[in-house]
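The values are calculated or read from the model by the stated rules, or taken from the named source; none is laboratory data. Here the structure is a predicted model, which means the values were calculated and not measured. Heads up, the Cβs are rebuilt from the backbone with ideal geometry, glycines too, and the neighbour counts pull from every protein chain shown.
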């Protein structure tokens with residue numbers, strides 16, 4: 001993509017296609033690894049004799065991926081995209097290979113951190129690279145593919161994880177180890193392809209400083225915060241450890257903002273970007289979208305598994321309507337934006353669809369026909385399809401080309417932070433409310449003839465698990481503490497109960513999850529009030545590299 005003289009030559013369709021294959025593969029693997037461990041962690045923990053520390057395996061990846069995203073964006077603005085992409089994908093492949101041979105859960109957590117340190121750059125850099133080589137209008141159809149891949153990976157993650165975890169051995173290797181092992185050949189193939197075909201002119205970074213203090217403050221702010229969000233429910237939200245980490249996080253966040261002001265143009269996240277109304281609006285809406293997407297949708301797979309009795313694999317496949325919604329709107333919006341050059345209507349429609357889907361799903365009961373659940377998930381996916389690409393495109397189009405990396409990474413970064421907050425807060429609220437909902441459901445059904453007949457049926461009461469539920473009802477404590485056969489830490493017992501005794505558990509979970517989605521819809525209303533202020537700026541006809549050359553020429557002429 002550069003001539004012998006060093007000038008930028010727009011890539012051919014073949015070159016774009018080859019680069020896209022590599023970038024999409026890397027993005028798919030990174031997105032997959034955010035969810036693939038969820039359904040396999042019990043098998044992994046049992047095999048490595050460390051189930052009690054299983055949360056650190058997912059937390060390590062989340063912390064590394066979130067913290068590293070803005071670092072990759074800014075550093076790629078200084079040193080260029082290709083070297084940083086090489087680092088990101090190499091770290092991901094090395095971390096995957098090490099995770100596949102881990103012998104303890106602590107080792108696996110460390111290797112997952114290395115994975116996350118690479119994965120944090122794969123999605124952001126893929127979109128940044130596309131912004132360098134294509135104009136905003138031309139890149140729409142390719143960016144749509146990225147977000148479709150993200151949606152597919154989010155759904156397939158639990159399915160793939162469940163499949164490998166359910167396989168004892170494959171080619172003589174423990175089934176769960178293939179979750180990480182398959183990343184190695186695919187990642188190496190993507191690395192070779194991108195490194196061979198991608199050729200973007202090197203950036204001039206002679207006069208640029210690296211914001212080391214900003215990086216340190218960002219890490220010391222986000223790492224404690226994300227750790228608390230993942231572990232807080234276990235430690236206790238008011239425990240000294242939780243409060244101490246939150247204090248450290250807040251102090252580091254204040255120091256980070258002070259340092260970014262001091263660094264000016266060399267800041268990790270230049271604060272002047274947020275003076276632009278497009279960036280302000282997109283940041284707020286992306287944050288809310290992250291809260292709604294990851295927080296609200298965190299409850300839907302639980303509903304499918306607990307209230308409807310699906311396996312993790314079945315629940316993952318049942319989320320396909322959500323993916324189809326993303327594909328439909330992301331693909332169609334890309335075509336319209338490319339043809340017209342206008343994007344504002346799609347984020348507005350996306351928020352409406354997201355709100356409609358969330359409100360529709362908040363009505364679910366454990367007896368709700370699956371077709372209604374699928375329709376709600378489809379609406380939810382359509383909303384995200386209308387938001388993801390146009391918001392990112394708006395930010396890239398509004399900012400100077402020199403900020404393509406930092407701006408793009410910031411959009412993704414705030415969505416990830418919103419997702420982490422949403423997941424932690426909503427699931428904490430869910431499990432704090434569900435015991436009351438289950439007790440209320442038992443109170444409503446305890447007077448029915450079917451229920452009175454079951455609790456005196458000797459064929460039912462001789463089963464120890466059924467007897468435990470009946471004893472809990474008589475004692476007034478249906479959801480017992482950890483270690484009890486009725487502990488909500490492991491809800492698999494529900495499927496082994498007599499249907500009449502299981503129904504209040506399923507109904508209580510459905511009620512709690514419906515309330516969770518209702519709260520999510522309230523947050524989305526805020527996004528609806530913000531998105532109308534998104535400016536509509538005509539899309540540029542030049543690529544990022546071409547625009548930077550024009551900007552340098554203007555500066556030299558001034």
* Before we move on, is residue 70 modelled with pLDDT under 80 and either crowded, with 24+ Cβ neighbours inside 10 Å or farther than 21 Å from residue 189 by Cβ (or both)? -> no
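Condition test on residue 21, is it surrounded by fewer than 18 Cβ atoms within 10 Å (Cβ to Cβ) and either outside the structural domain of residue 100 (by TED's automatic domain parsing) or modelled with pLDDT of 80 or more (or both)?
yes
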* Matching entry among 343, 303 (being surrounded by 20 or more Cβ atoms within 10 Å (Cβ to Cβ), in contact (Cβ under 8 Å) with a residue 60 or more places away in the chain and not in a helix (DSSP H, G or I)) -> 343
* **Check on residue 467, closer than 30 Å to residue 66 by Cα, touching a helix residue (DSSP H, G or I) at 6+ places or on another chain (Cβ under 7 Å), surrounded by fewer than 23 Cβ atoms within 10 Å (Cβ to Cβ) and assigned by TED's automatic domain parsing to the domain that holds residue 350** => no
* Unmet criterion (only one of (1) part of a helix (DSSP H, G or I); (2) under 30 Å from residue 504 (Cβ atoms)) for residue 288 -> (2)
* Asked: Quick one: residue 65 ticks every box in (1) within 16 Å of the chain's Cα centre (by Cα); (2) part of a helix (DSSP H, G or I); (3) at pLDDT below 85 bar one, so which box is it?
  -> (3)
* To do: Give region 76-92 a look and list any residue that's in contact (Cβ under 8 Å) with a residue 40 or more places away in the chain and surrounded by fewer than 23 Cβ atoms within 10 Å (Cβ to Cβ), or say none.
  => 78, 79, 80, 82, 86, 90
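Return a yes/no flag: does region 332-346 have any residue that is closer than 26 Å to residue 507 by Cβ and within 22 Å of the chain's Cα centre (by Cα).
Filtering region 332-346 for residues closer than 26 Å to residue 507 by Cβ gives none.
Within region 332-346, none of the residues are closer than 26 Å to residue 507 by Cβ and within 22 Å of the chain's Cα centre (by Cα).
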* Asked: Does residue 117 qualify as being surrounded by fewer than 24 Cβ atoms within 10 Å (Cβ to Cβ), touching a helix residue (DSSP H, G or I) at 6+ places or on another chain (Cβ under 8 Å) and closer than 20 Å to residue 63 by Cβ?
  -> no
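Quick one: which helices (runs of 4 or more DSSP H) sit completely within region 158-259 and have at least 1 residues that are in contact (Cβ under 8 Å) with a residue 40 or more places away in the chain and touching a strand residue (DSSP E or B) at 6+ places or on another chain (Cβ under 7 Å)?
On the way: elements: 178-181, 183-197, 212-235.
In region 158-259, the matching helices (runs of 4 or more DSSP H) lie at 178-181.
Within region 521-532, is even one residue part of a loop (DSSP other than H, G, I, E, B) and modelled with pLDDT of 85 or more?
Residues of region 521-532 part of a loop (DSSP other than H, G, I, E, B): 532.
Narrowing further to those that are modelled with pLDDT of 85 or more: 532.
Taking every residue of region 521-532 in turn, at least one turns out to be part of a loop (DSSP other than H, G, I, E, B) and modelled with pLDDT of 85 or more.
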* **Counted residues, region 89-107 - those being more than 13 Å from residue 192 (Cα to Cα), modelled with pLDDT of 90 or more and assigned to a helix (DSSP H, G or I)** => 10
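Is at least one residue of region 160-177 at pLDDT 90 or above and not assigned by TED's automatic domain parsing to the domain that holds residue 395?
First pass over region 160-177, keeping only residues at pLDDT 90 or above: 177.
Among the residues that remain, those that are also not assigned by TED's automatic domain parsing to the domain that holds residue 395 are: 177.
Among the residues of region 160-177, at least one is at pLDDT 90 or above and not assigned by TED's automatic domain parsing to the domain that holds residue 395, which makes the answer yes.
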* Within region 260-286, considering residues that are surrounded by fewer than 20 Cβ atoms within 10 Å (Cβ to Cβ) and touching a helix residue (DSSP H, G or I) at 6+ places or on another chain (Cβ under 7 Å), the one farthest from residue 380 (Cα to Cα) -> 263
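Residues checked against (1) part of a helix (DSSP H, G or I); (2) crowded, with 20+ Cβ neighbours inside 10 Å; (3) at pLDDT 80 or above; (4) over 24 Å from the mean Cα position of the chain (by Cα):
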| residue | (1), (2), (3), (4) |
| --- | --- |
| 372 | yes, no, yes, yes |
| 377 | yes, yes, yes, no |
| 380 | yes, yes, yes, no |
| 386 | yes, yes, yes, no |
| 413 | yes, yes, yes, no |
| 427 | yes, no, no, no |
| 431 | yes, no, no, no |
| 447 | no, no, no, yes |
| 450 | yes, no, yes, yes |
* To do: Determine, yes or no, whether residue 495 is at pLDDT 75 or above and surrounded by 13 or more Cβ atoms within 10 Å (Cβ to Cβ).
  => yes
